[in-house]
């Protein structure tokens, strides 16, 4: 596949996205000052933020004659989805050891630690389990990795994107987030569609939420 023919976000586009997020971040800052950010409101904000980010990247790609669907390779969406589900146990087998290691290093911390927000199972599934992981894949694999790959080597792009992915997660989770980022980048590099890493990311988050809430029910 000719990677040069694939739509990608350039540095100017990144700046436009950051500028577009300023009003949203300003509102979030005001909410925080007023101390009205309950877990439920935070989850709703996360859903809105995810939709906003995905929509804005779609607008940027439309200006280039494409659209967000070009990153998800809609003509092969079905087979890519099936491939992702088949690959999920393999991904989990590589990711779980790092989860246990993270828990061991940060002694006294549960393998499935508490969420930064806990709005209840339904809102958690919609926000943390579905919308946000897709938005993260649009940002990190669709935009950031694709941009870096145009400038640097594949190996450097994978490592840098994974490092950036780890930075936006809680500090205690940076090791397993970095490893998950590496895996998701490799999957994207292999299939050249966001369908695969997005599906895997959603499944990982949903499994995480399921285990966490089951653990809370037993406590």
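Things to note:
- Any hit, the stretch 45-53, residues being surrounded by 14 or more Cβ atoms within 10 Å (Cβ to Cβ), modelled with pLDDT under 90 and within 26 Å of residue 190 (Cα to Cα): no
- Within the stretch 32-42, being at pLDDT 80 or above and outside any loop (DSSP other than H, G, I, E, B) holds for 33, 39, 40, 41, 42.
- Among the residues of the stretch 31-46, at least one is under 18 Å from the mean Cα position of the chain (by Cα) and within 28 Å of residue 147 (Cβ to Cβ).
- Here residue 114 meets each of (1) in a loop (DSSP other than H, G, I, E, B); (2) at pLDDT 80 or above; (3) loosely packed, with under 15 Cβ neighbours inside 10 Å with one exception, condition (2).
- Selection of helices (runs of 4 or more DSSP H) fully inside the stretch 126-219 by the criterion of at least 3 residues being surrounded by fewer than 20 Cβ atoms within 10 Å (Cβ to Cβ) and either without any contact (Cβ under 8 Å) to a residue 40 or more places away in the chain or more than 12 Å from the chain's Cα centre (by Cα) (or both) returns 146-151, 154-167, 174-191, 195-218.
- Candidate set from the stretch 63-78 (those that are without any contact (Cβ under 8 Å) to a residue 12 or more places away in the chain and surrounded by 13 or more Cβ atoms within 10 Å (Cβ to Cβ)); member that is farthest from residue 138 (Cα to Cα): 74
- Residues that are assigned to a helix (DSSP H, G or I), surrounded by fewer than 17 Cβ atoms within 10 Å (Cβ to Cβ) and modelled with pLDDT of 90 or more are absent from the stretch 101-110 altogether.
- Yes/no for residue 82 being part of a helix (DSSP H, G or I), loosely packed, with under 14 Cβ neighbours inside 10 Å and either modelled with pLDDT of 85 or more or out of contact with any strand residue (DSSP E or B) (no Cβ under 8 Å at 6 or more places or on another chain) (or both): yes
- Inclusion of residue 21 among residues that are surrounded by 10 or more Cβ atoms within 10 Å (Cβ to Cβ) and not in a helix (DSSP H, G or I) is not warranted.
The values are calculated or read from the model by the stated rules, or taken from the named source; none is laboratory data. Since we're looking at a predicted model, the values are computed, not measured. When we count neighbours, we look across all protein chains shown, and the Cβ atoms used for this are built from the backbone with ideal geometry, even at glycine.
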